[in-house]
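Rule-based calculations on the coordinates, nothing more; no lab input. The model shown is predicted, which means the values in this text are computed figures rather than measured ones. Here the Cβ positions follow ideal geometry from the backbone for every residue, glycine too, while neighbour counts run over all protein chains shown.
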Amino acid sequence: MKRFIITGAPGTGKTTLINALRTHKYTCFEEVSRRVITNQQQINGNKTPWQDVVGFTNLVYEKTLEELNSIANTITFVDRGLADNIAYLKLNNYQIDDKFTDFNYQKYYHTTVFLLEPWEEIYIQDAQRLQSFEEAQKLHKLLLEIYTNLGFAIKVIPKTTVLLRTDFIETVLKNYKF
């Protein structure tokens, strides 16, 4: 079964929403990029979005492919999709590798992408989220542009409680036959 992408700039509530969906018995995958960043920090590596963005996106690509090749037999959500890497590379004015532009996104991902908008009231920087809120806003615009250009239908999740965000997603899901 294809995975639904939940994307958005840093600090928009993606992880909180993924955790809430998990309590509703959906299969959910945590953010690959955050796991890569945490691992790089633990080993004093430099493959992070603020040190070596190309090395970082290559690691995320490899780990994401491993995850995408695992079987998903139920409705599944992922915290960020592979195309998020294009946004990070564009934000930093790097060339986009063909492996991202030629990737068969529709093979693995559902055509609907859930997008969370920047929300200053909940935005918090932490050890894995060093971007400013202004950078998050720029990334948001790129994510919207990239997923739209790749042919995905964008469903913007309202800025509201986690429960109502979960209800929003479940209402959208009722329109699909699984």
- Distance in nm between pseudo-label sites at Leu164 and Asn149 (7 Å out along the Cβ direction from Cα): 3.4
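Placing unit charges on C-beta atoms (Lys and Arg positive, Asp and Glu negative, everything else neutral), compute the dipole magnitude of the chain about its Cα centre in debye, rounded to 20. Write out the running numbers ahead of the final one.
Numbers: 21 positive and 20 negative charges, 114 e Å.
I would put it at about 540 debye.
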- Query: Between Asn69 and Thr101, what length in nm is gained on full extension when 0.36 nm per residue of separation is reduced by their alpha carbon distance?
  - Reply: 9.6 nm
- For the stretch 48-156, convex hull volume per residue from C-alpha positions, Å³: 118
- Message: Need one number: nm distance between label points at Phe133 and Asn46, each 7 Å from Cα along Cα→Cβ, rounded to one decimal.
- Response: 3.3
- Message: Under 18 Å between alpha carbons, and skipping anything fewer than 8 positions from Lys47 in its own chain: which aspartates and glutamates qualify?
- Response: Glu31, Glu62, Asp84, Asp97, Asp126
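Peptides 61-73, 145-157, 79-91, 31-43: what's the order by average Cβ count within 10 Å, highest mean first?
On the way: 61-73: 13.3, 145-157: 15.3, 79-91: 22.5, 31-43: 17.4.
Put in order of decreasing packing, that is 79-91, 31-43, 145-157, 61-73.
I'd like the antiparallel share, as a percent to the nearest 5, of DSSP beta bridges with both residues in the chain. Walk me through the numbers on the way to the answer.
Numbers: 1 of 18 bridges.
Close to 5 percent.
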- Distance in nm between Thr171 and Asn39 label points, each 7 Å along Cα→Cβ, equals 3.9
- Task: May I ask which of Lys14/Lys141; Lys2/Lys99; Lys63/Lys90 have a Cα-Cα span longer than 23 Å here?
- Result: none
- Query: For Thr48, which sequence-distant residues (separation of 5 or more, or a different chain) have an amide H within less than 5 Å of its own amide H, given hydrogens modelled in the peptide plane?
  - Reply: Phe56
